[in-house]
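Engineer: The structure under discussion is supplied below as structure tokens; questions concerning it will follow.
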Protein chains: 2
Amino acid sequence: MSIDDILADALRLVKPDRLEEARVKTLSSIVLGKVRGILASEGVDAEAEILGSVAKGTWLKGDYDIDVFILYPPHIDRGVLEDLSLRIGVRVFEDLGGRWILRYAEHPYVEGWVDDVRVNIVPACRSKPGSWVTAVDRTPYHTEYVRRMIRSEEGRDQVRLLKKFMKGVGVYGADVRVGGFSGYLCELLIISFGSFIETIRSAARGWRGLFIDLEGYYDGIEAARKVFGDQPLIVVDPVDPNRNVASPVSLTKLSEFTAASRLFLDKPSIVFFNPPSIEVDIDSIRRAIECRGTSILALAFEEPRIPPDTLWGEIHRSLRAFVNVFEKWEFRVIRSSAWSGEGLTVFIVELESRFIPGVKLHRGPPVDSREAYRFLEKYMGGDIRVSGPWIDGDRWYVARRRGYSDAYLLAMDVLKGDLLAYGFSKDIAASIARGFGIYLDGGLLELAVRCRSFLEYLYDLLDGRPRWLRFGFSKDTCG
Amino acid sequence: MSIDDILADALRLVKPDRLEEARVKTLSSIVLGKVRGILASEGVDAEAEILGSVAKGTWLKGDYDIDVFILYPPHIDRGVLEDLSLRIGVRVFEDLGGRWILRYAEHPYVEGWVDDVRVNIVPACRSKPGSWVTAVDRTPYHTEYVRRMIRSEEGRDQVRLLKKFMKGVGVYGADVRVGGFSGYLCELLIISFGSFIETIRSAARGWRGLFIDLEGYYDGIEAARKVFGDQPLIVVDPVDPNRNVASPVSLTKLSEFTAASRLFLDKPSIVFFNPPSIEVDIDSIRRAIECRGTSILALAFEEPRIPPDTLWGEIHRSLRAFVNVFEKWEFRVIRSSAWSGEGLTVFIVELESRFIPGVKLHRGPPVDSREAYRFLEKYMGGDIRVSGPWIDGDRWYVARRRGYSDAYLLAMDVLKGDLLAYGFSKDIAASIARGFGIYLDGGLLELAVRCRSFLEYLYDLLDGRPRWLRFGFSKDTCG
């Protein structure tokens, strides 16, 4: 199939039909009317607006939230703003007969469902650019900017293709867990490159060091680097020159997008937009672990009850600390990864081997250095010495026992020790201190049988290939 | 004990008594008279002289050869020189009733025994300095130089102490096997530093980069480096400015001498001159191997029948090639060493472990490089891939099977393959091709029971410490 045919297919996947368009419009105006009514009846000095992808017309078919913003004057007291908004939010859903829960981003807000459509009621301030009071104060300006720059339905379709492609290859989402591309960033990329395919062609050449500054705030990338530092991708926010819209994008996600773009151009396929779902069963996982030849160690503990972005920040940091321990003791780490869900957080570390030799060659100081004598005193006797010290070239060497030759025992000692000193985060250290489990190789199946989404995650981890690569690489697997 | 007391003790070990002095003189003049008589009776145009440590009076008690040089005019035909000298040498021993054998250095020469004293009859040319015909033409000049510069018995005693110390700490001997200090070099060091203790004090500060030029041929070390290159120690031969007397000294032996000198100054002891002999038995070796935790692999083959310096040159080179193979396949080598004797040559390689994990993390090319596609084609399928490829940062990674996870199987494949291509030397490759044995860990005992000197070598290798360190380090072990 040609790229054009595939894009036509993809567009059918992402473009809402008239019924959905009408439904979104109707629901939006009902909710907006409700909020405005409450604001008026209570005499609150604030306005309500629909913002986000619904307002911009760039949502993906069957995949939309209605974001209602309550916009207060910038001088409002923060406590008042929060209290008012929660009260209004709750009343909206009670009046419309929907479920709701409280969510926490920078501010608390109310998320609810009306006719099974998710509705967020978010407080913000009508700030002037550059004098932002809350993090979401930029949103009205973002919405306005995109509406002004992307006026045609064709333009909105290009955004939809890009979002869907990014979802398909797993790089969509600016939350800390994913570290990928936000919807707004997709829109700015389409504004910059003009179309989905030009965006992909550019990405395929490599975006590391790419600098996009639609409003020309900076006199070149060097000037921008002084503000943003050495980030892999810099896309200046048209509504805020001090913000890099691409700052959440990790180097890994940027590289994945490049690699997927190359592969898509080389072997175009709908699988990049719509990766096949996988039938995973416990037995195939068991076989994959058994014939692997590596050692997989999983650390499971109760998921700390903190907002997702905070949780994932702590997970990334603590997993890094956990991996550092193995590397410090010279266990060879093949890959590490974390999963969290259903109240459980799991760190997985795959090692070349659970056991490493009990003895190692240890290079000492130069023979004519001051340290030589201390080295000899340390290694001439005692249990740690196996043979030597001897001289090779201009240095002392000794064969000495390793501190740990079993990764499991190392992990146990660390996890029962002072986790903060190892660099684990506060909440995760506290959770592990309350209790943890270590699962080895086949033992991971115990966790997998408990939870379907962990099972799928484990399957992908064991395979190791991103799904777009697994299904997109060979001609025979992509239809 | 004070250093002075120890040096007095050491001097008693090294200084020949009057009886020995008289015997050496008598024997020397008997042999010299015999050689001169034969030269005269045959009308050979050559002179005979006693040279070397006997002529210089710097031999160690009970440890001397009588070196008789036959000095030909420089224009003599090489073949004639060799034939004549062998014929004369053989006749000397037949007339004096001694055993003899032929030896090969640069030229063949005759080594024999008269009254159990070793006598070498060596041909050389009466060359002018700088126009050397054979490598030993310098010897008359060396003997003359040392006699001129060291005129007192005290001076000769200082040479004896230094030689004995160097023997004791295992750095004496300029042959390729040892790669250490020659007797002539010891003499030059005493000439330079004035005494044994000043030589040791200087060495203790580190001799790397030391430059000794007694006759002032060079305008500083930089000028000398242009001739000698970046050798660790440069001692210009007073009789030949183009020769570095210290060129056989390896960095390791130089460092060992530095370390031993330091330790001697810090903890003076007679053990540096006279290391205790060790009682080695098979059982202690067995225990040492068993509780070690490493893997020792020995390769044994028939000793090639070539002159010792050539043999040890080939051994060093081939052992390095053998070790390279293990390191290339990521086995971790703790130490390697070679032994040769009684018709057998043995390479020993100690590994952290005979087995390494069957799977390894393999870092691939950057995602935006040209090589990325080839990497994916190679690792997307096939038996070598275990999981991945995946992206981390800006690179592809894959977990792949190792080529070898058993060092024994690796060694077998290499030894049955093209050894020259691996960098083994010609004679050793040929010997291995005729047959070899691989012995693992406890299996080494099989070799050790065959041969006492291999047993002692193995004991020292397992302990790892130079003997001077083992007995010289702690106050309680050195008397």
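The values are calculated or read from the model by the stated rules, or taken from the named source; none is laboratory data. As the structure is a computational prediction, the values presented were derived from the model and not from experiment. Quick reminder, even Gly has a Cβ in these numbers, built from the backbone with ideal geometry, and neighbours come from all protein chains shown.
Engineer: Going through segment A:382-400 one residue at a time, which ones are outside any strand (DSSP E or B) and at the interface with another protein chain (Cβ under 8 Å from one of its Cβ atoms)?
Structural biologist: A:G393, A:D394
Engineer: How many residues are among the polar types (S, T, N, Q) and surrounded by 19 or more Cβ atoms within 10 Å (Cβ to Cβ) when one looks only at segment A:292-312?
Structural biologist: The number of residues fulfilling the criteria is 2.
A quick yes/no check of all residues on (1) within 21 Å of B:E154 (Cα to Cα); (2) among the aliphatic types (A, V, I, L, M); (3) not assigned by TED's automatic domain parsing to the domain that holds B:D115:
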residue	(1), (2), (3)
B:M1	no, yes, yes
B:E20	yes, no, no
B:K25	yes, no, no
B:S29	no, no, no
B:G33	no, no, no
B:R36	no, no, no
B:A40	no, yes, no
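Engineer: Being touching a residue at least 60 places away in the same chain (Cβ under 8 Å) and hydroxyl-bearing (S, T, Y) is the filter here; which residues of segment B:265-309 pass it?
Structural biologist: B:S269, B:S284, B:S295
Engineer: While we're looking at this one, here's another question. Here are some conditions: (1) free of Cβ contacts under 8 Å to residues at least 60 places away in the same chain; (2) buried (at least 20 other Cβ atoms within 10 Å of the Cβ). B:I348 meets all but one. Which one does it not meet?
Structural biologist: Checking B:I348 against (1) free of Cβ contacts under 8 Å to residues at least 60 places away in the same chain; (2) buried (at least 20 other Cβ atoms within 10 Å of the Cβ), the one that fails is (1).
Engineer: Moving to a separate point now. For segment B:37-87, enumerate the residues that are part of a strand (DSSP E or B), touching a helix residue (DSSP H, G or I) at 6+ places or on another chain (Cβ under 6 Å) and within 16 Å of B:E21 (Cβ to Cβ).
Structural biologist: Hits for segment B:37-87 are B:I50, B:L60, B:I66.
Engineer: Okay, next question. Scanning segment B:313-344 for residues that are touching an Asp or Glu at 6+ places or on another chain (Cβ under 7 Å) and closer than 21 Å to B:A105 by Cα, which turns out surrounded by the most Cβ atoms within 10 Å (Cβ to Cβ)?
Structural biologist: B:E314
Engineer: Look through B:E47, B:E82 and report the one residue that is within 28 Å of the chain's Cα centre (by Cα) and touching a residue at least 12 places away in the same chain (Cβ under 8 Å).
Structural biologist: Only one candidate qualifies: B:E82.
Engineer: Somewhere in segment B:402-418, is a residue of a type in the set (V, I, T), more than 9 Å from every other protein chain (Cβ to nearest Cβ), farther than 23 Å from A:I200 by Cα and touching a residue at least 40 places away in the same chain (Cβ under 8 Å)?
Structural biologist: yes
Engineer: Oh, and also: Just to be sure before I move on: is B:Y379 at the interface with chain A (Cβ under 9 Å from one of its Cβ atoms) and not small (G, A, S) in the structure I sent?
Structural biologist: Considered against the rule, which asks whether it is at the interface with chain A (Cβ under 9 Å from one of its Cβ atoms) and not small (G, A, S), B:Y379 comes out as no.
Engineer: Could you check, for segment B:337-345, whether at least one of its residues is within 12 Å of another protein chain (Cβ to nearest Cβ) and either farther than 30 Å from B:A429 by Cα or touching a helix residue (DSSP H, G or I) at 6+ places or on another chain (Cβ under 8 Å) (or both)?
Structural biologist: Step one: list which residues in segment B:337-345 are within 12 Å of another protein chain (Cβ to nearest Cβ), which gives B:337.
The next check asks that each one be either farther than 30 Å from B:A429 by Cα or touching a helix residue (DSSP H, G or I) at 6+ places or on another chain (Cβ under 8 Å) (or both); those that pass are B:337.
Yes.
Engineer: Follow-up question, since we're still on this one. Does B:S387 meet the test of being of a type in the set (S, T, N, Q), surrounded by fewer than 19 Cβ atoms within 10 Å (Cβ to Cβ) and not assigned by TED's automatic domain parsing to the domain that holds B:R332?
Structural biologist: When the stated conditions are applied, B:S387 does not pass them.
Engineer: Considering each residue of segment B:349-367, count those that are charged (D, E, K, R) and part of a strand (DSSP E or B), and give that number.
Structural biologist: Total satisfying the criteria: 3.
Engineer: Does A:V92 qualify as being crowded, with 18+ Cβ neighbours inside 10 Å and assigned to a helix (DSSP H, G or I)?
Structural biologist: yes
Engineer: Please give the number of the condition A:Y457 fails out of (1) under 22 Å from the mean Cα position of the chain (by Cα); (2) among the aromatic types (F, W, Y); (3) under 30 Å from A:M1 (Cα atoms).
Structural biologist: Of the numbered conditions (1) under 22 Å from the mean Cα position of the chain (by Cα); (2) among the aromatic types (F, W, Y); (3) under 30 Å from A:M1 (Cα atoms), the odd one out for A:Y457 is (3).
Engineer: Of all residues in segment B:299-329, count the ones that are within 14 Å of chain A (Cβ to nearest Cβ) and touching a strand residue (DSSP E or B) at 6+ places or on another chain (Cβ under 7 Å).
Structural biologist: Adding up the residues that qualify gives 4.
Engineer: Sticking with this structure for a sec: From the list B:Y457, B:Y422, B:Y439, which one is out of contact with any strand residue (DSSP E or B) (no Cβ under 6 Å at 6 or more places or on another chain) and outside the structural domain of B:L254 (by TED's automatic domain parsing)?
Structural biologist: Only one candidate qualifies: B:Y422.
Engineer: Kindly indicate whether any position in segment B:369-382 is in contact (Cβ under 8 Å) with a residue 12 or more places away in the chain, in the same structural domain as B:G435 (by TED's automatic domain parsing), among the aromatic types (F, W, Y) and more than 19 Å from A:T294 (Cβ to Cβ). Can you show your working first?
Structural biologist: Within segment B:369-382, the subset in contact (Cβ under 8 Å) with a residue 12 or more places away in the chain is B:372, B:375-376, B:379.
Next, from what is left, pick out any that are in the same structural domain as B:G435 (by TED's automatic domain parsing): none.
So far as segment B:369-382 goes, no, none of its residues is in contact (Cβ under 8 Å) with a residue 12 or more places away in the chain, in the same structural domain as B:G435 (by TED's automatic domain parsing), among the aromatic types (F, W, Y) and more than 19 Å from A:T294 (Cβ to Cβ).
Engineer: Shifting gears a bit: Which one of B:L445, B:L351 is within 14 Å of chain A (Cβ to nearest Cβ), touching a Lys or Arg at 6+ places or on another chain (Cβ under 7 Å) and hydrophobic (A, V, I, L, M, F, W, C)?
Structural biologist: Values: B:L445 fails: within 14 Å of chain A (Cβ to nearest Cβ).
The conditions single out B:L351.
Engineer: A further question follows. Counting just the residues of segment B:255-276 that are among the aromatic types (F, W, Y) and over 13 Å from A:W390 (Cα atoms), which one comes out nearest to the other protein chains (Cβ to nearest Cβ)?
Structural biologist: Residues of segment B:255-276 among the aromatic types (F, W, Y): B:257, B:264, B:272-273.
Okay, now just the ones that are also over 13 Å from A:W390 (Cα atoms), so B:264, B:272-273.
On the way: B:F264: 13, B:F272: 15, B:F273: 20 Å.
Within segment B:255-276, the match that is nearest to the other protein chains (Cβ to nearest Cβ) is B:F264.
Engineer: Okay, moving on. Take segment A:181-193 and flag every residue that is more than 23 Å from the chain's Cα centre (by Cα) and either aromatic (F, W, Y) or buried (at least 18 other Cβ atoms within 10 Å of the Cβ) (or both). Steps first, answer last, please.
Structural biologist: First, the residues of segment A:181-193 that are more than 23 Å from the chain's Cα centre (by Cα): A:191-193.
Within segment A:181-193, A:I191, A:F193 qualify.
Engineer: Oh, and also: Can you pull out the residues in segment A:194-252 that are basic (K, R) and either within 14 Å of chain B (Cβ to nearest Cβ) or surrounded by fewer than 14 Cβ atoms within 10 Å (Cβ to Cβ) (or both)?
Structural biologist: Hits for segment A:194-252 are A:R201, A:R205, A:R208, A:K226.
Engineer: Condition first: free of Cβ contacts under 8 Å to residues at least 60 places away in the same chain and either farther than 13 Å from A:V68 by Cβ or not assigned by TED's automatic domain parsing to the domain that holds A:G37 (or both). Now tell me which residues in segment A:104-121 satisfy that.
Structural biologist: If the condition is that a residue be free of Cβ contacts under 8 Å to residues at least 60 places away in the same chain and either farther than 13 Å from A:V68 by Cβ or not assigned by TED's automatic domain parsing to the domain that holds A:G37 (or both), then A:E106, A:H107, A:P108, A:W113, A:D116 are the ones that fit.
Engineer: Out of segment A:409-437, which residues are within 30 Å of A:V359 (Cβ to Cβ) and surrounded by fewer than 15 Cβ atoms within 10 Å (Cβ to Cβ)?
Structural biologist: Residues satisfying the conditions are A:L409, A:M412, A:D413, A:K416, A:G417, A:D418, A:A421, A:G423.
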